[in-house]
């Protein structure tokens, strides 16, 4: 099977299409099951963030896998396949590995180098593992991608500034208001992005933060964390934000809700006695803020579409070039290791076959010379096995080295030369991969979402 990546992102699709394709956390398991329900997909992982929706799948055939994955994504988005396909990008085999490593490194993000993607990838892997749709290949690939992302962030300054969609949105908000220091903020949503928004606001010198969330307990935890950092904060229910809207200078909304959570009439009513400017950052996908909010007097709306247009022309720095070289090196190393792994089961099967031949010949010797001294027999056994090992050593070591360029071809050559049963090699591979998958653990040090 080969890796197939099918998706759409801020690079290929407008925000309205990303909204249609976005997958909420509670929908992930259903889509993963649907992906594996096709005839061509053996493993699958789904990544859905504020600027991308992607499926990473191990497929038996390219065209069959593409049809299966594209069909599931189109049905979820409620779009016709032909219409939806024009927005999709497709990466296969080595190109798919390169894309995943680039994504993990933050090179494909709307804000290049943003570190949040590592946590999002880790969450996607955990969801797929929970759904039972990750097998040995995607397991290994996902863990390698997390390590590549961490290496890029460690060895380059690509994420030194800690830039993210949140920080870029708040930079635009500060530009609209003059500054954020000393002002009051309302954060709608207490998830990971809400937490990041609160942290960024504290760093900007905001005077007070109100956290609104459907689950007040979650909002309270985030408010307490802000208080502990020295910023006044309080929690409120999502239904009771009118007073907070009236007092706020900046609103950050990032709930992941299906419908809008901030309407134009609601905002107008809450701020009817206040004429000060308001900056609203809508970071939800689908969007949280009703379109009419931007038409309110004194209101500036910064949303994912605004950021998409602004950040498309962001300059490529030196660290980005270094990160790209690291990704290329890691892709080459991964593919070489995979090709070597392709021949390893065949080499193991060959050595097993040789051992079986020696065993059979020693049994024949026992039959011909039943009175042979045990010490002599043991020495003969060791001698024969040493001869076989020496004869096999050079070709098996060399074939593993050569397999780095084309593992399957050399595996085929070994099977043909030594008349090995292909099923024997397959059985060795299955045992090896099962052991790898069940004993290896996810990268616990990967950045949290």
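Laboratory data are not the source of any read-out in this text; all were calculated from the coordinates shown. Computed from a prediction, not measured in an experiment: that's the story for all the values here. Glycine gets a Cβ as well: all are built from the backbone with ideal geometry, and neighbour counts include every protein chain shown.
Brief remarks on what is shown
- When the inverse distances between all different Cα atoms of the stretch 287-371 are averaged and flipped, the Kirkwood radius reads 20.4 angstrom.
- The mean sequence separation of alpha-carbon pairs under 8 Å and at least six residues apart, normalised by the residue count of the chain, gives a relative contact order of 15 percent.
- Placing a pseudo-label 7 Å from each Cα along the Cα-to-Cβ vector at residue 337 and residue 27 gives an inter-label distance of 3.5 nm.
- Gap separating the Cα centres of the stretch 345-374 and the stretch 253-284, nearest whole Å: 80
- Between residue 154 and residue 94, the C-beta separation translates, for a Förster distance of 25 Å, into a calculated FRET efficiency of about 0.50.
- Of 400, 150, 390, the one that fluctuates the most in a GNM where the chain has Cα springs shorter than 10 Å: 390
- Once the gyration tensor of the Cα atoms in the stretch 268-416 is diagonalised, the equivalent ellipsoid follows with semi-axes of 75, 19, 12 Å, ordered largest first.
- The order of the peptides 370-380, 194-204, 281-291 by mean Cβ neighbours within 10 Å, most packed first, is 281-291, 194-204, 370-380.
- Look at the alpha carbon pairs under 8 Å that are at least 6 residues apart: their mean separation over the length of the stretch 83-167 gives a relative contact order of 37 percent.
- Approximating the spin labels as points 7 Å out from Cα along Cα→Cβ, the residue 294-to-residue 310 distance works out to 1.3 nm.
- Stokes-Einstein D for the stretch 203-318, Kirkwood Rh over Cα pairs, 10 °C, 1.306 mPa s (µm²/s): 104
- The stretch 329-394: mean projected area of Cα convex hull, nm²: 5.5
- With all projection directions averaged, the alpha carbon convex hull of the chain covers 27.3 nm².
- Peptide packing: for 97-104, 227-234, 125-132, the average count of neighbouring Cβ atoms within 10 Å per residue gives the ranking 97-104, 125-132, 227-234, highest mean first.
- Length-normalised contact order for the stretch 2-155 - Cα pairs under 8 Å, 6+ apart - percent: 30
- Neighbour-count order for 193, 45, fewest beta carbons within 10 angstrom listed first: 193, 45
- Counting only DSSP H runs of at least 4 residues, each contributing -39500 (n - 2.57), and dividing by the residue count of the chain, the helix-based mean residue ellipticity at 222 nm comes to -19000 deg cm²/dmol.
- The length gained by stretching the chain between residue 379 and residue 126 to full extension, at 0.36 nm per residue less their Cα-Cα distance, is 85.7 nm.
- Per-pair calculated FRET efficiency, R0 = 45 Å: residue 325 and residue 417 via Cβ, rounded to 0.05: 0.70
- Radius ratio Rg over Rh of the stretch 85-238, counting only Cα atoms, Kirkwood formula for Rh: 1.05
- Unit Cα scatterers, Debye sum, the stretch 14-173: log10 I(q)/I(0) for q = 0.11, 0.20, 0.21 Å⁻¹: -0.44, -1.38, -1.48
- The stretch 143-189 shape via C-alpha gyration tensor axes, a/c threshold 1.5: prolate
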